[in-house]
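Participant: Just passing along the structure, written as structure tokens.
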Amino acid sequence: MTTRTTTKTVTFAHERPDYEVVGAIIEYFKQYPDSCHHPKEDIIYEKFKALNPGRAASITDLQGEHREGAERLRRVARIIDEVINDQDLLRESVEQIVRDFIDSERKHIALEDEVIFPAMGDATAGHQGQAAARPVHK
Ligand SMILES: [Fe+2]
């Protein structure tokens, strides 16, 4: 059975979300990670790719990851905007989009902290004039 819902019935843990807080979280992701943090990581990753292209290619396409994260953020912003504007939405659709964003962000941060940043640190260590990459999520 599919449940149709509106702003008044989309809930987390049986309570209506505080959409002011949800909106502030979305705005934070737009203002900081998407506009400031990820572009800096992309610049550092390009230097890593230049130093060790094979290793970089075997890990991931970091810029691609960031583009996909930005698209997931746009989907969350759009669906929350629709909820706030009383669009008739499937509750499962809203939850799936929000859950996909949260899960993907966690996986992305774990990949950077556990794989990408250590590899960048290894690649840049010992290069004169190159500052060793350090984890930026800690
Ligand atoms: Fe990142």
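Quick note: the coordinates plus some simple rules give every number you see, no bench work behind them. The shown structure was predicted, so the numbers you read here are calculated from the model rather than taken from an experiment. Because the Cβ atoms are built from the backbone with ideal geometry, glycine has one as well, and the counts that use them run over all protein chains shown.
Participant: Just for segment 15-36: of the residues that are closer than 17 Å to residue 63 by Cα and surrounded by 15 or more Cβ atoms within 10 Å (Cβ to Cβ), which one is nearest to the ligand (Cβ to nearest atom)? So that I can check it myself, show each step before the final result.
Facilitator: Taking segment 15-36 and keeping what is closer than 17 Å to residue 63 by Cα, we get 29-30, 32-36.
Remaining after also requiring surrounded by 15 or more Cβ atoms within 10 Å (Cβ to Cβ): 29, 33-34.
Details: 29: 12, 33: 7, 34: 10 Å.
Per the stated criteria, the residue is 33.
Participant: Within the set of pairs 6+ apart or on separate chains, which have a first residue in segment 27-53 that is within 26 Å of residue 125 (Cβ to Cβ), a second that is hydrophobic (A, V, I, L, M, F, W, C) and within 10 Å of the ligand (Cβ to nearest atom), and C-beta atoms under 6 Å apart?
Facilitator: Qualifying pairs under 6 Å: 45/62.
Participant: Taking the residues in segment 101-112 that are touching a residue at least 24 places away in the same chain (Cβ under 8 Å) and more than 19 Å from residue 21 (Cα to Cα) as candidates, determine which candidate is farthest from the ligand (Cβ to nearest atom). Let's see the steps before the verdict.
Facilitator: Just the residues of segment 101-112 that are touching a residue at least 24 places away in the same chain (Cβ under 8 Å), to begin with: 101, 104-105, 108-109, 111-112.
Then drop every residue that is not more than 19 Å from residue 21 (Cα to Cα), which leaves 104, 108-109, 111-112.
On the way: 104: 11, 108: 6, 109: 7, 111: 8, 112: 5 Å.
The selected residue is 104.
Participant: If you don't mind, another one. Just the residues that are among the hydrophobic types (A, V, I, L, M, F, W, C), in contact with a helix residue (DSSP H, G or I) (Cβ under 8 Å, 6 or more places away or on another chain) and over 17 Å from residue 57 (Cα atoms), please, taken from segment 98-121. Before the answer, list the steps.
Facilitator: Restricting attention to segment 98-121, the residues satisfying the condition of being among the hydrophobic types (A, V, I, L, M, F, W, C) are 98, 101-102, 109-111, 115-117, 119-120.
Those left that are additionally in contact with a helix residue (DSSP H, G or I) (Cβ under 8 Å, 6 or more places away or on another chain): 98, 101, 111, 115-116, 119-120.
Scanning segment 98-121 gives 98, 101.
Participant: Follow-up question, since we're still on this one. Charged (D, E, K, R) and buried (at least 18 other Cβ atoms within 10 Å of the Cβ), is that true of residue 68? Even if it seems obvious, please write down each step before you answer.
Facilitator: Details: charged (D, E, K, R): yes; buried (at least 18 other Cβ atoms within 10 Å of the Cβ): no.
For residue 68, the condition - charged (D, E, K, R) and buried (at least 18 other Cβ atoms within 10 Å of the Cβ) - is not met.
Participant: Follow-up question, since we're still on this one. Hey, does segment 38-55 have a residue that's assigned to a helix (DSSP H, G or I), under 11 Å from the mean Cα position of the chain (by Cα) and within 16 Å of the ligand (Cβ to nearest atom)?
Facilitator: Applying the first criterion (assigned to a helix (DSSP H, G or I)) to segment 38-55 yields 38-51, 53-55.
Those left that are additionally under 11 Å from the mean Cα position of the chain (by Cα): 38.
The next check asks that each one be within 16 Å of the ligand (Cβ to nearest atom); those that pass are 38.
Yes, there is a match, as at least one residue in segment 38-55 is assigned to a helix (DSSP H, G or I), under 11 Å from the mean Cα position of the chain (by Cα) and within 16 Å of the ligand (Cβ to nearest atom).
Participant: Let me ask something additional. Taking the conditions exactly as written (within 16 Å of the ligand (Cβ to nearest atom) and either within 19 Å of residue 35 (Cβ to Cβ) or of a type in the set (Asp, Glu) (or both)), does residue 64 satisfy them or not? First the steps, then the outcome.
Facilitator: On the way: within 16 Å of the ligand (Cβ to nearest atom): yes; either within 19 Å of residue 35 (Cβ to Cβ) or of a type in the set (Asp, Glu) (or both): yes.
When the stated conditions are applied, residue 64 passes them.
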